[in-house]
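What follows is a single structure, written as structure tokens, with notes after it.
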């Protein structure tokens, strides 16, 4: 059960991890070296293993980490915890979450941070930033009673990353919660896609970025502030995968922070309008629920008569309107005003069917519009 304040909109900021929050893959920042491998050679062999065996690339590197550890180190939770201590972050990352969360709060927006990564959850858990995240979705191992990794427990690759956005949207955060497939009306989502920001760096983030973009959210590509290589973000923007790109510098008042603050400001304004829409929708639904079938039919026919663009359509609608015998005074007033303003009705007021209907409607009415209709109808008698 959610304890959210319904008057406080929520923004979910979803981050890739490797090369988005850090300058390099987490495995490349100490672990690969600890098993006596060159970093580039390790990834070449991992990718070859994947290609040669028609194997998922994430499963390939997870297997490779276990395999290369044999005879070198014990591949257990402790090993991964120690490797996590070597992870370096882009400038400003470690203070970023508190700053953005506070800025959101100051603007009546609740900020929640999420990780969606193909990296290892066991390593992310032992970084200094782990506690800032509401949920971390990442690949992980199954460990035996000795704490040794024996099998993949969860694999997050670039195609199945998108399921976690739907989990965030519907508040089904448990990875085994089947309610992620349940139907909800758009206004029932805890966090709509329009209130999501996805920050990533490469092709592996494209499905998530595209999904967020297509549904009104904001996707941001980041590039390494040291190398200044923008080739990937240029490609992603050109292919409409992202809306913006900035340097991966998370420091105060740098372009990334200013951009996210602009998005927060925009969301605050949009949510005021969205609430006005929901208020209108709720009022309309309440009125419609309390209306009888006949009342709904009358409203529908009056609207169609007002929009009639041919004599034929008018005659068809008059036939249906004639079958209704009870009209309120406001409904009658609307009918006579429509007849005066729509030439597809006014020009045939003396046709038999239209004449009979409007004679009945105008009976006992004394408004100026009704009297004008009566004057037109009287021409039939003269004729």
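The values are calculated or read from the model by the stated rules, or taken from the named source; none is laboratory data. Note that the coordinates shown come from a computational prediction; the quantities given were computed from them, not determined experimentally. All Cβ positions, even for glycine, are placed from backbone atoms using ideal geometry, and neighbour counts span all protein chains on display.
Here residue 147 clears all of (1) touching a helix residue (DSSP H, G or I) at 6+ places or on another chain (Cβ under 7 Å); (2) within 29 Å of residue 189 (Cα to Cα); (3) in contact (Cβ under 8 Å) with a residue 24 or more places away in the chain except the condition numbered (2).
Yes/no per residue for (1) over 21 Å from residue 167 (Cα atoms); (2) outside the structural domain of residue 260 (by TED's automatic domain parsing); (3) touching a residue at least 40 places away in the same chain (Cβ under 8 Å):
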| site | (1), (2), (3) |
| --- | --- |
| 97 | yes, no, no |
| 105 | yes, no, no |
| 108 | yes, no, yes |
| 132 | no, no, no |
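Can you spot a residue in the stretch 61-82 that is in a loop (DSSP other than H, G, I, E, B) and at pLDDT 95 or above? Checked the stretch 61-82: no residue is in a loop (DSSP other than H, G, I, E, B) and at pLDDT 95 or above.
Of the strands (runs of 3 or more DSSP E) lying entirely inside the stretch 170-259, those containing at least 1 residues that are touching a strand residue (DSSP E or B) at 6+ places or on another chain (Cβ under 8 Å) and free of Cβ contacts under 8 Å to residues at least 40 places away in the same chain are 218-223, 244-247. Based on what the data block shows, is residue 205 at negative phi and exposed (fewer than 13 other Cβ atoms within 10 Å of the Cβ)? Considered against the rule, which asks whether it is at negative phi and exposed (fewer than 13 other Cβ atoms within 10 Å of the Cβ), residue 205 comes out as no. Across the stretch 93-124, the number of residues qualifying as over 27 Å from the mean Cα position of the chain (by Cα) and assigned to a loop (DSSP other than H, G, I, E, B) comes to 0. For the subset of the stretch 34-64 comprising residues that are under 18 Å from residue 84 (Cα atoms) and in contact (Cβ under 8 Å) with a residue 40 or more places away in the chain, which member is surrounded by the most Cβ atoms within 10 Å (Cβ to Cβ)? Looking at residues that are under 18 Å from residue 84 (Cα atoms) and in contact (Cβ under 8 Å) with a residue 40 or more places away in the chain, I get 62.
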